[in-house]
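Take a look at the structure set out below.
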Amino acid sequence: MSDSRSAELFERAKVSIPGGVNSPVRAFRAVGGSPVFIASAAGATLTCADGTRYTDYIGSWGPMILGHAHPAVVAAITEAAAKGTSFGAPTEGEVLLAEKVKSLYPSIEMLRCTSSGTEATMAAIRVARGFTGRSTVVKFEGCYHGHADFLLVKAGSGAATFGVPDSAGVPEGSARNTMTAAFNDVPGLEALFAAHGSDIAAVIVEPVVGNMGCVPPDAGFLEAILALCTKHGAVSIFDEVMTGCRLSSGGYQGRVGLTPDMTCLGKIVGGGMPLAVYGGKRAIMEQVAPVGPVYQAGTLSGNPVAVAAALTTLARLDAALYTHLEALGAQLEGGLNSALAEAGVEGCVQRVGSMITLFFTKGPVRHWGHASSSNTKQFAVFHQQMLSRGEYWPPSQYEAAFLSGAHTEALVAQTVKHAHEALRVVATSS
Ligand SMILES: *Cc1c(COP(=O)(O)O)cnc(C)c1O
């Protein structure tokens with residue numbers, strides 16, 4: 001469905017880059033198409049290699065909450081770059097960023113910057129293991145926490161989309177200390193703690209899952225995780241790489257008033273640059289070298305250009321932005337629901353704030369076992385139909401779509417109109 005210039009670039013890319021892409025889900029394999037190559041972006045609009053324009057509902061998979069090429073962010077990046085792009089020595093900006101993150105996330109008393117969410121979760125778990133002297137990590141089926149060996153177990157979206165729930169190249173030993181439970185299954189987690197409580201170093205969770213599509217926690221589920229961790233001396237880790245600064249400026253924890261032991265941030269916190277954060281209680285973070293015995297490092301960690309983008313983005317996460325996102329989210333949710341009803345297609349729309357998924361299965365979807373029963377053939381038709389109408393929707397059933405501050409009521413209305421048309425095609429194709 002992509003243009004000829006993108007098709008030509010994709011053919012060349014496949015010769016030199018596995019699958020032609022630098023991250024698997026960009027390849028559009030799950031929806032049977034070939035990817036659109038992007039030339040530029042501004043606000044809510046992507047412009048592809050041949051000049052075709054799309055309304056963007058991916059936002060670089062989450063970071064672009066202010067919209068693309070926000071003038072203030074571009075200015076901050078330009079100004080920082082002119083002063084030098086990396087020093088390998090501390091800067092004032094890093095101190096300002098640490099203080100800003102702490103002010104937004106009261107659960108974070110100390111933090112470290114990394115260059116990706118993968119590094120942040122990997123480091124958080126190493127620190128939790130160092131702090132507790134235990135090995136076992138509990139994660140939930142369908143949650144994705146980056147591509148570290150021991151976390152690539154039942155890891156949702158990318159992995160699920162490509163039918164590689166457990167990646168090749170991960171030694172058995174790496175996954176041996178990872179246990180999985182079903183999301184929203186409190187009795188399951190209680191049983192796991194009853195049997196293995198004294199071995200569990202940490203429980204890591206996406207507080208609202210984005211990586212099996214948008215799946216919110218049931219009332220009491222996250223509270224149960226925190227309580228079980230406290231009771232058994234394990235470290236609770238909220239992986240808010242996706243939800244952080246999206247569901248409120250203080251993440252989902254800020255929205256609902258929960259206090260995990262540790263938190264991982266990424267995507268938005270880096271303002272569209274490679275920057276992520278892990279942090280938490282002071283006693284836990286004081287395990288990190290050079291203060292403590294847990295080693296973690298990074299040549300480009302706290303990079304000055306990334307820090308400038310981060311500070312400028314975080315300064316703009318005000319109440320007006322989240323009010324705007326909530327209104328647009330409600331408009332899109334209502335519109336997709338009415339389009340499903342009109343077309344007579346079975347599906348459900350799940351949304352928290354500006355994260356939204358249209359599942360092609362009867363809802364509500366509460367865990368991976370249910371999400372994975374979605375009709376991905378129907379999703380592929382929907383995706384192709386939307387793309388051909390200029391709507392750049394995530395190319396997988398198991399990814400959340402995102403709104404940004406640059407989206408408008410008029411753009412969303414147009415998207416809803418296109419969704420009506422696309423779902424009518426889905427209805428006749430199945
Ligand atoms: C994207 C994501 C990660 C990984 O972040 P990268 O920057 O891609 O390494 C980890 N956890 C969650 C919840 C994510 O959405």
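Any read-out appearing in this document is the output of simple, stated calculations on the displayed coordinates, not a laboratory observation. Fair warning: this is a prediction, and the values are worked out from it, not measured in the lab. So basically every Cβ, Gly included, is an ideal-geometry build from the backbone, and we count neighbours across all protein chains shown.
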_Tell me the relative contact order for the chain as a rounded percent, counting alpha carbon contacts under 8 Å between residues six or more apart._
22
*Classify segment 251-409 as rounded, prolate or oblate from the Cα gyration tensor: take a ≥ b ≥ c as the square roots of its eigenvalues, call it rounded if a/c is under 1.5, otherwise prolate when a/b beats b/c and oblate if not.*
prolate
*Exposure proxy ranking, count of Cβ atoms within 10 Å, fewest first, for Cys229, Cys264*: Cys229, Cys264
*Rounded to a whole number, what is D in µm²/s for segment 207-269 from Stokes-Einstein with the Kirkwood radius over alpha-carbon pairs (20 °C, 1.002 mPa s)?*
180
*Cβ under 12 Å from Ala400's Cβ, Ala400 left aside: what net charge do those residues give with Lys, Arg +1 and Asp, Glu -1?*
+1
*What does the charge count near Cys264 come to, summing +1 for each Lys or Arg and -1 for each Asp or Glu among other residues with Cβ under 11 Å from its Cβ?*
-2
*What base-10 log of the normalised intensity I(q)/I(0) is obtained for segment 71-314 from the Debye formula, alpha carbons as equal point scatterers, at q = 0.18 Å⁻¹?*
-1.40
_Given charges at beta-carbon only (K, R positive; D, E negative), |dipole| of the chain in Debye_ = 280
*asked:* Loop-only GluC sites (Glu not before Pro) in segment 325-430, please: DSSP not H, G, I, E or B, and at most 10 other Cβ atoms within 10 Å.
replied: none
_Can you give the local net charge around Ala219? Use residues other than it whose beta-carbon is closer than 15 angstrom to its beta-carbon, Lys and Arg +1, Asp and Glu -1._
-1
*Give the value in nm², to one decimal: projected area of the alpha carbon convex hull of the chain, averaged over all directions.*
19.8
*Among the listed pairs Lys154/Lys281; Lys100/Lys417; Lys281/Lys362, give every one whose C-alpha distance is greater than 30 Å.*
Lys100/Lys417; Lys281/Lys362
*Among Asp261, Asp239, Asp218, which comes first, second and so on when ranked by fewest other beta-carbon atoms within 10 Å?*
Asp218, Asp261, Asp239
*What helices does the chain have that are whole DSSP H segments, at least 20 Å long along their own axis by Cα, and with mean Kyte-Doolittle hydropathy of 0.0 or more?*
117-132, 319-343, 409-429
*When N counts the residues of segment 299-355, how does its alpha-carbon radius of gyration compare numerically with 2.2 N^0.38 Å, as a ratio?*
1.75
*Taking the Cα centre of segment 71-314 as the origin and placing charges on Cβ (Lys, Arg +1; Asp, Glu -1), which of Leu151, Phe87, Pro260 is farthest toward the positive end of the dipole?*
Phe87
_Report the Cα centroid-to-centroid distance between segment 70-118 and segment 1-56 in angstrom, as an integer._
30
